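Report on one structure; see the data block that follows.
Every number in this text was worked out from the coordinates using simple rules, so none of it is lab data. Small disclaimer: the values here were computed from a predicted structure and weren't measured. Quick reminder, even Gly has a Cβ in these numbers, built from the backbone with ideal geometry, and neighbours come from all protein chains shown.
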Amino acid sequence: MARGQSAALDRKKLMADPIMMTTIVLLITFLTLFILYPLAILLVDSLYGSNGLSLATFSRIFQLSSFRRAIGNTLKIGFVVGLLSTLLGLLFAYVEVYVKMRKAVGGLFKVVSMLPVVSPPFVLSLSMIMLFGRSGLITRFLLGIYDNNIYGYWGIVIVQTLTFFPVCYMMLKGLLKNIDPSMEEASRDMGATRWRVFTTVTFPLLLPGLGNAFLVTFIESIADFANPMIIGGSYDTLATSIYLQITGAMDKEGAAAMAVVLLIITLGMFAVQKYYLEKKTAATLSGKASRARMLIEDKSVTVPLTILCSLAAVFVIMMYVCVPIGALFPTWGYKFTPLTFKWFAQVFTKYRGLQAFRDSFVLSLIASPITALLSMIISYLVVKRKFRAKGFIEAVSILAMAVPGTVLGVGYIRGFANGLFHTGILSGIYGTGLILIIVFVVRSLPTGTRSGISALRQIDKSIEESAYDMGADSLKVFTSVTLPLIKDSFLSGLVTAFVRSITAISAIILLVTPSYLLITVQINEFAEKGAYSIACAFASILILITYGSVLLMNFIIKHFGTSRKVKEVE
Amino acid sequence: MAANQSKEPKGVRLDHISKIYQNPKTGKDFYAVHDVDLEIKPGSFVTLLGPSGCGKTTTLRMIAGFESPDEGEIYLGGEPINALTPNKRDTAMVFQSYALFPHYNVYDNVAYGLKLRKMPRDEIREKVTRILKLVELSDMEQRMTNQLSGGQQQRVALARALVVEPGVLLFDEPLSNLDAKLRVQMRTEIRRIQQALGITAIYVTHDQSEAMAISDNIILMKDGVIAQMGSPTEIYYHPKSEFVADFIGECNFLDCRVTGWDGENATAEVDGHPVQVKTDRPASGDARIVLRPEAIEIADEGQLPCTVELSCFMGSYQNYHVRVGNTLVKIADNCPIGRKTFKVGDHAFISFRSECAHLLGV
């Protein structure tokens with residue numbers, strides 16, 4: 001049996017479609033140049049030094065006790081944060097799906113799940129310091145503790161858990177909703193108590209999903225740069241060590257080798273999560289709930305659970321609210337009245353805030369439509385088309401998901417500062433706005449692609465086939481059928497990309513040059529210096545911008561989304 | 001293409017077509033379609049029939065261009081089309097799920113193909129109006145597709161494919177999402193329109209009654225290979241194999257021994273009782289008689305003795321299961337009113353006319 005002819009014919013058909021061909025070639029070039037190449041150069045650089053191929057750089061960094069400690073720290077924090085976030089997420093998800101609660105509590109849950117999306121990554125660190133630090137509102141003024149040290153291990157763990165648990169909550173909520181209630185009813189019917197139902201039915205079904213949530217948070221935690229930077233103090237993680245190796249020790253080879261170590265850890269975790277747990281989750285929980293679940297109304301269960309969750313939710317919300325309020329106090333920790341706008345004013349008068357917001361805003365605004373369109377094109381190709389390089393495109397865009405921003409940043413420094421493979425070619429883009437835009441695009445691409453893929457999977461393949469069959473070429477099929485049908489997903493991808501870009505820091509902080517002022521970098525700088533009020537003022541305005549764009553998106557989708565018209569009648 | 005004149009229907013020739021797929025579980029290659037060689041005349045209605053996994057849909061998709069054959073060449077109107085993409089082929093397909101564009105209304109759905117052909121607006125309007133009248137949807141132009149019933153959506157899909165006047169119209173199990181009554185109504189409709197326009201149609205289905213009702217010719221497939229080609233009556237009354245006989249309607253098989261042939265009928269013995277079976281070839285030795293349930297009579301006298309094991313009133317017929325020797329025989333006694341009804345345990349005789357039976361394995 002030879003399948004040569006069909007392969008040759010498929011190739012011929014592809015060649016007959018120049019737009020598709022060009023798109024694929026451009027995509028492959030982009031992905032190779034800006035995702036694969038920077039990662040490859042890290043490996044090459046750390047293995048191939050001035051004296052040929054050797055492990056010298058690796059052995060050098062592994063001799064640094066600080067680096068060995070950073071690996072331990074990172075793994076320890078990742079593990080604990082993964083565990084705590086999963087548990088907290090499970091609690092929230094279980095209460096939402098199983099327990100009858102008041103509308104207001106449901107609202108609280110929604111806010112909690114939404115907050116991490118719209119806020120910059122280090123907001124919780126800021127408020128943590130302001131609430132529980134040495135001159136913290138709660139520690140010092142409510143409890144009278146003067147020397148509370150929240151910098152370090154516990155600070156990072158708490159802040160990261162509060163930042164990442166909503167991700168687990170959303171993931172687990174989706175899974176719990178997919179459990180068919182009749183399975184649990186069958187167990188109840190045979191005489192099991194609620195607790196036994198949970199331990200013998202619900203929990204085992206959910207187990208792979210819990211593992212999945214744990215690993216996702218684990219990866220997020222070890223890739224996180226901003227929080228350990230601000231609240232870590234002298235407690236270094238891999239991400240911050242790499243940053244310090246570049247900015248402090250000026251050791252780029254060493255940083256490259258460290259980045260390789262971090263990359264290997266995240267990729268390993270990611271591989272387990274993606275190819276083992278995700279499949280297992282899908283296998284155990286593929287069914288749709290056959291009908292609505294009887295919610296638990298028993299007061300002895302609902303009251304404590306609701307109170308527990310509400311308290312946690314209120315605490316999280318308070319942490320976020322603390323930031324804009326903090327920016328209104330004359331001097332945090334000493335003088336609370338009268339409330340003042342002087343910090344907000346200083347942002348613009350003294351600290352070139354206008355330029356920072358303009359730069360961040362403009363760069364993100366350019367990056368987001370590129371990201372949204374690119375991720376829709378990738379999703380379209382991956383889900384709907386059949387061609388040889390499809391596997392490559394899919395794999396690289398998924399791979400980007402597992403690459404920590406810091407690693408990518410170092411990769412770009414090594415890969416582009418002296419041009420491609422240090423030859424000077426393309427070195428022109430280094431230090432420009434263009435490379436920042438590219439980083440924004442690459443960093444948001446995986447999220448966009450993932451949501452695009454799931455949106456496209458919902459659309460019957462034959463709808464596009466029928467357009468193709470009617471005589472439309474690839475471009476026409478994409479613009480007249482695919483894009484209108486996933487308009488909502490495209491719009492939300494647009495905003496997500498914008499929000500992610502404008503709040504990004506980990507890769508950007510390594511690549512930004514003095515000609516560009518970015519808000520997140522500014523906030524980080526002020527927070528490092530201990531100028532919390534001004535950092536809060538910056539952060540508050542940033543949150544306003546991001547929240548505003550999310551509101552705008554929801555408005556547009558509600559009033560102009562085609563999917564609404566399509567879904568309405570069904 | 002010339003926009004005004006109605007086009008000639010095109011013929012299709014599949015020249016030893018094969019398609020190889022990989023079994024996802026074992027990783028082994030297998031023939032999804034193997035050496036399919038056939039010719040479809042312009043203007044005829046041909047059905048690809050078979051159980052799921054027989055390769056009928058794959059064959060259709062190769063004609064449309066969504067799949068490429070691994071062996072052989074496909075000709076459309078005499079031109080080889082293997083290397084053409086679906087949008088360059090003169091075919092239009094009606095999909096199982098209808099595949100209507102949910103963001104367009106009925107009019108825009110139907111007009112889609114014409115707009116792609118850059119036709120003037122007036123002409124588009126005229127053609128769409130005419131075709132919507134043909135499928136009886138004239139007053140629904142502005143409806144969104146999700147405001148239509150299943151049958152109406154089916155008509156829109158049909159109109160959308162017809163309006164571009166394709167050389168060949170392809171149907172991929174178009175009626176399988178409709179309820180039984182509507183299915184019968186729509187297949188009559190499809191046949192009517194196909195005859196009225198004189199268009200070539202290739203139709204995929206797994207429903208044998210649908211295939212018989214609608215087609216000029218049936219191509220019955222099994223495991224990627226053509227099991228039998230022919231007109232509905234030919235396939236029904238002269239199946240070449242037990243698979244064909246069994247797939248096309250209900251069927252009984254009686255083991256027999258052929259003892260002679262008089263130039264028209266063969267004489268065969270079933271359990272020692274002689275019966276006559278019509279055959280145009282001389283036959284002898286062990287064989288099987290193919291008997292349709294409605295071709296058998298049950299009475300107090302007849303050719304073969306039997307015992308009644310099930311007797312069940314079905315409305316239009318009385319359903320019997322009787323034992324002839326060791327073989328269970330199903331009988332549909334049509335319009336039984338006024339005739340004797342046998343009960344379970346009764347002894348009776350069955351008989352059949354020689355031209356209603358068919359010999360296999362000689």
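In region A:306-380, what chymotrypsin sites (Phe, Trp or Tyr not before Pro) fall in a loop by DSSP, with at most 14 other Cβ atoms inside 10 Å?
Answer in residue order: A:Y334, A:F336, A:F341.
Going by average Cβ neighbours within 10 Å, how do the peptides A:209-216, B:306-313, B:242-249 rank, with the highest at the top? Write down the numbers at each step before the final one.
Values: A:209-216: 24.0, B:306-313: 15.4, B:242-249: 18.9.
Averaged packing, sorted descending, gives the order A:209-216, B:242-249, B:306-313.
So how tilted is helix B:180-197 from the main axis of chain B? Cα-based, degrees 0 to 90, rounded to 10.
Tilt of helix B:180-197: around 60 degrees.
How many partner chain Cβ atoms sit within 10 Å of a residue's Cβ in peptide A:469-480, on average, as a whole number?
Averaged over the peptide's residues, the number is 6.
When ranked by the protection proxy of mean other Cβ atoms within 10 Å per residue, highest first, what sequence do the peptides B:165-176, A:239-250 form?
By packing density, highest mean first, the sequence is B:165-176, A:239-250.
Could you give me the ³J(HN,Hα) list for region B:109-117, computed from phi with Karplus coefficients 6.51, -1.76, 1.60 and θ = phi - 60°, whole Hz, x at Gly and Pro?
In residue order, the calculated couplings are 4, 5, 7, 3, x, 6, 4, 4, 8 Hz.
On alpha carbon coordinates alone, what is the Rg over Rh value for chain B, Rh being the Kirkwood radius?
Reported Rg/Rh, Kirkwood definition of Rh: 1.06.
Counting other beta carbons within 10 Å of each Cβ, put B:D122, A:D45 in order, fewest first.
If I rank by nearby Cβ atoms, fewest first, I get B:D122, A:D45.
Would you mind telling me which residue in B:L116, B:L220, B:L182 has the biggest mean-square fluctuation in a Gaussian network model of chain B, where springs connect alpha carbons within a distance under 10 angstrom?
It is B:L116.
Taking only C-alpha pairs under 8 Å that are 6+ residues apart, what is the relative contact order of chain A in percent?
21 percent
For region B:53-115, take the convex hull of the Cα atoms, compute a quarter of its surface area, and give me that in nm², please.
Numbers: hull surface 22.5 nm².
For region B:53-115, the mean projected area of the Cα convex hull comes to 5.6 nm².
In a shell of Cβ-Cβ distance under 13 Å around B:G230, excluding B:G230 itself, what net charge do Lys and Arg (+1) and Asp and Glu (-1) give? Write out the running numbers ahead of the final one.
Numbers: positive: B:K240; negative: B:D216, B:E234.
Neighbour charge sum, excluding B:G230 itself: -1.
With θ set to phi - 60°, apply the Karplus curve 6.51 cos²θ - 1.76 cosθ + 1.60 along region A:478-483 and write out the HN-Hα couplings as whole Hz, x wherever there is a Gly or Pro.
5, 7, 8, 10, 4, 4
Across the Cα atoms of region B:250-360, what radius of gyration and what greatest pairwise Cα-Cα distance (Dmax) are found, in Å?
Looking at region B:250-360, its Cα Rg and Dmax stand at 14.0, 41 Å.
Return the calculated 222 nm mean residue ellipticity for chain B, to the nearest 500 deg cm²/dmol, obtained by summing -39500 (n - 2.57) across DSSP H runs with n ≥ 4 and dividing by the residue count.
On the way: 8 runs with 84 residues, N = 362.
Taking each H run of at least 4 residues, the total per residue is -7000 deg cm²/dmol.
Roughly how crowded by other chains is peptide A:514-526, in terms of the mean Cβ count from those chains within 10 Å of each of its Cβ atoms?
Mean inter-chain Cβ contacts per residue within 10 Å come to 0.
Using the number of other C-beta atoms within 10 angstrom as an exposure proxy, rank A:T349, B:T59, A:T482, A:T23 with the fewest first.
A:T349, A:T23, A:T482, B:T59
Which cross-chain or sequence-distant (5 or more) residues have an amide H under 5 Å from the amide H of B:K222, H modelled 1.01 Å from N in plane?
Distant-sequence amide H within range of B:K222: B:A227.
State log₁₀ I(q)/I(0) for region A:39-326 at q = 0.09, 0.12, 0.16 Å⁻¹ as given by the Debye formula over alpha-carbon point scatterers of equal weight, solvent excluded.
Log10 of I(q)/I(0), two decimals: -0.54, -0.87, -1.23.
Just for the protein assembly as shown, what percent of DSSP beta bridges are antiparallel, to the closest 5?
80 percent
Sequence gap at least 6, Cα distance under 8 Å: using those rules, report the relative contact order of region A:39-326 to the nearest whole percent.
RCO, region A:39-326: 33 percent.
Report, as an integer, the average count of C-beta atoms from other chains found within 10 Å of each Cβ along A:3-12.
6
How long, wide and thick is region B:162-230, going by the Cα atoms along their three principal axes, in whole angstroms, largest first?
Principal extents (Cα only, largest first): 34, 30, 18 Å.
Could you tell me what % of all Cα pairs in the protein assembly as shown have separations over 57 Å?
On the way: 128503 of 433846 pairs.
The share of Cα pairs beyond 57 Å in the protein assembly as shown comes to 30 percent.
Among B:P305, B:P120, B:P42, whose mean-square fluctuation peaks in a Gaussian network model of chain B (Cα, cutoff 10 Å)?
Checking each option, the largest mean-square fluctuation is seen for B:P120.
Calculated from DSSP H runs of 4 or more alone, at -39500 (n - 2.57) each and per residue, what is the 222 nm mean residue ellipticity of chain A, nearest 500?
-23500 deg cm²/dmol, from helical runs alone.
Convex hull over the alpha-carbon atoms of region A:369-507: what's its volume per residue in Å³?
120 Å³
By counting other Cβ atoms within 10 Å of each Cβ, how are B:D262, A:D180 ranked from fewest to most?
Ascending number of Cβ neighbours within 10 Å: B:D262, A:D180.
When DSSP assigns beta bridges and you keep just the ones with both residues in region B:12-244, what percent turn out antiparallel, to the nearest 5?
55 percent
Just to confirm the number: angle between the C-alpha axis of helix B:150-162 and the first principal axis of chain B, 0 to 90 degrees, nearest 10?
The angle comes out near 60 degrees.
Calculate one ³J(HN,Hα) per residue across region A:367-381 by plugging θ = phi - 60° into the Karplus curve 6.51 cos²θ - 1.76 cosθ + 1.60, and present them in order as whole Hz with x for glycine and proline.
Once θ is set to phi - 60°, the couplings for region A:367-381 become 5, 5, x, 4, 4, 4, 5, 4, 5, 5, 5, 4, 4, 4, 4 Hz.
Between B:A32 and residues 5 or more places away or on another chain, which pairs have amide H atoms under 5 Å apart, with H built 1.01 Å from N, and which residues are they?
B:K19, B:I20, B:Y21
Considering amide H positions built from the backbone, and no H for Pro or chain starts, which residues 5 or more places from A:R134, or on another chain, come under 5 Å of its amide H?
A:I150
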